[in-house]
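Take a look at the structure set out below.
The values are calculated or read from the model by the stated rules, or taken from the named source; none is laboratory data. All of these numbers come straight from a predicted model, not from anything done at the bench. Here Cβ is always computed from backbone atoms with ideal geometry, including for glycine, and neighbour counts include all displayed protein chains.
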Amino acid sequence: MIKVLVVDDSELIRKMLVAILSEDAQLEVVGTAIDPIDARAKIKLLNPDVITLDIEMPRMDGITFLKNLIRLRPLPVVMISTLTEKGADITFEALQIGAVDFIPKPKLDVRTNLGAMAHEICSKVRSAAAVDIEALVTQLSKSEQKVASPRMLELDKPTSVELIVIGSSTGGTEALKLVLSQLPPNMPPILIVQHMPPGFTLSFSNRLNGVVKLEVSEFSRDGTEPKQGQAYIANGANHMVVRKGRGKTLIFQDDSDPVSRHKPSVDVLFESVAECYGNKAIGVILTGMGSDGARGLKMMRDTGAETIAQDEKSSVVWGMPKAAVDCNAAKHVLALNNIGNKLIELCRHSE
């Protein structure tokens with residue numbers, strides 16, 4: 001059994017999380033805490049495997065508590081985040097410090113909307129329990145150093161690669177930051193699906209835009225032609241697809257149903273890229289739970305595209321990359337630190 005401590009100053013949220021987590025046979029809620037001071041005592045007493053942690057609390061905010069926790073007693077933490085721009089920014093700071101994942105807290109009709117997320121909440125807590133936090137924190141520290149002073153190869157000649165697509169989930173925000181920081185500004189266009197709720201993708205794209213050489217934006221304009229040096233992040237509310245039109249291949253949002261519970265879905269993007277680009281594209285699957293993207297990456301490889309999956313050791317959660325490896329979708333299986341340079345190499349050597 002995975003022992004969970006729920007830390008939240010809202011009695012309603014505490015009760016709902018306890019009810020949701022208690023329905024999962026693999027999870028046991030061993031206690032609740034109303035703020036970080038209370039949580040500190042409960043951690044010593046109850047020795048939980050995972051903590052769910054609210055960001056905004058009395059006596060000490062969640063970020064300060066997380067920093068202390070990671071330094072003194074590293075434990076897997078899933079943040080409970082408000083669906084606001086400020087909440088998104090604080091969430092990304094938490095992920096950079098060492099939180100494993102986050103759950104968006106609905107602003108309206110909390111009881112109904114949080115209840116609808118029960119499957120996702122339990123999955124995230126189970127996945128978090130399997131993460132080696134000390135290894136994650138060490139990796140994040142090294143990644144920050146590499147992002148700050150990247151050793152960047154140049155793309156010094158024209159390439160026949162027309163598009164790069166990347167899919168990621170748990171651990172993906174920091175993984176994407178490292179990969180993109182290694183790429184020069186004249187790379188082929190890059191389309192990204194990171195599992196993330198609406199409202200967070202804009203904040204995430206702005207955050208990336210401040211640390212990488214590419215121009216990063218949340219995709220919002222249907223019929224956009226992908227441009228060199230641009231990275232487009234799928235809006236958290238819609239699938240992202242490419243379609244042929246007006247003699248060009250253009251990017252569109254797609255409001256169809258979730259695929260394997262995901263919207264946006266990596267598979268939906270990759271499958272459309274396989275159909276439109278064939279061997280002129282490169283597909284990448286980074287860290288994440290589940291199997292989204294494996295089917296689409298296999299379709300890309302079958303059409304002649306180069307394909308990459310992140311290796312187990314460098315993944316926060318080796319779910320999506322493992323699924324890609326298991327179905328023989330990944331031609332290359334690489335440590336996170338090596339993926340950026342591999343993309344440059346594949347673009348250089350394309351014919």
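Before moving on, here are some points about what is shown:
- Which numbered condition Ser260 fails, given (1) surrounded by 20 or more Cβ atoms within 10 Å (Cβ to Cβ); (2) of a type in the set (Ser, Thr, Tyr); (3) modelled with pLDDT under 95: (1)
- Of all the listed residues (Val273, Val316, Val284), the sole one being surrounded by 21 or more Cβ atoms within 10 Å (Cβ to Cβ), out of contact with any strand residue (DSSP E or B) (no Cβ under 6 Å at 6 or more places or on another chain) and assigned by TED's automatic domain parsing to the domain that holds Val193 is Val316.
Each row is one residue, and each column tells you yes or no for (1) in a loop (DSSP other than H, G, I, E, B); (2) buried (at least 24 other Cβ atoms within 10 Å of the Cβ); (3) in contact (Cβ under 8 Å) with a residue 40 or more places away in the chain; (4) over 20 Å from the mean Cα position of the chain (by Cα).
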{"residue": "Glu312", "(1), (2), (3), (4)": "yes, no, no, no"}
{"residue": "Val325", "(1), (2), (3), (4)": "no, no, no, no"}
{"residue": "Ala330", "(1), (2), (3), (4)": "yes, yes, yes, no"}
{"residue": "Asn338", "(1), (2), (3), (4)": "no, no, no, no"}
{"residue": "Asn341", "(1), (2), (3), (4)": "no, no, yes, yes"}
{"residue": "Glu345", "(1), (2), (3), (4)": "no, no, yes, yes"}
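- Number of positions in the stretch 139-172 that are surrounded by fewer than 24 Cβ atoms within 10 Å (Cβ to Cβ) and within 30 Å of Lys105 (Cβ to Cβ): 6
- Within the stretch 287-304, the residues that satisfy the criterion of being touching a Gly at 6+ places or on another chain (Cβ under 9 Å) and either crowded, with 24+ Cβ neighbours inside 10 Å or not in a helix (DSSP H, G or I) (or both) are Thr287, Gly288, Met289, Gly290, Ser291, Asp292, Gly293, Gly296, Leu297, Met300, Thr303, Gly304.
- Applying the criterion of being in contact with a strand residue (DSSP E or B) (Cβ under 6 Å, 6 or more places away or on another chain) and among the hydrophobic types (A, V, I, L, M, F, W, C) to the residues of the stretch 13-43, the residue that is nearest to Ser81 (Cα to Cα) is Leu17.
- Only listed residue being modelled with pLDDT of 95 or more, among the β-branched types (Val, Ile, Thr) and either out of contact with any helix residue (DSSP H, G or I) (no Cβ under 8 Å at 6 or more places or on another chain) or at positive phi (or both), chosen from Ile233, Ile251, Ile285: Ile251
- Of all the criteria given as (1) touching a Pro at 6+ places or on another chain (Cβ under 6 Å); (2) closer than 24 Å to Ala294 by Cα, the one not satisfied by Ile233 is (1).
- Residues located in the stretch 188-212, provided they are in contact with a strand residue (DSSP E or B) (Cβ under 7 Å, 6 or more places away or on another chain), modelled with pLDDT under 95 and assigned to a loop (DSSP other than H, G, I, E, B): Pro197
This table checks each residue for (1) surrounded by 23 or more Cβ atoms within 10 Å (Cβ to Cβ); (2) without any contact (Cβ under 8 Å) to a residue 60 or more places away in the chain.
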residue	(1), (2)
Asp8	yes, no
Leu12	no, no
Leu27	no, no
Ile37	no, yes
Lys44	no, yes
Asp61	no, yes
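- None of Thr82, Thr91 is assigned by TED's automatic domain parsing to the domain that holds Thr32 and surrounded by fewer than 19 Cβ atoms within 10 Å (Cβ to Cβ) except Thr82.
- Failed condition for Arg71, given (1) at pLDDT below 95; (2) under 18 Å from Glu120 (Cα atoms): (2)
- In the stretch 34-62, residue nearest to Leu114 (Cα to Cα) [restricted to those that are in a helix (DSSP H, G or I) and not hydrophobic (A, V, I, L, M, F, W, C)]: Gly62
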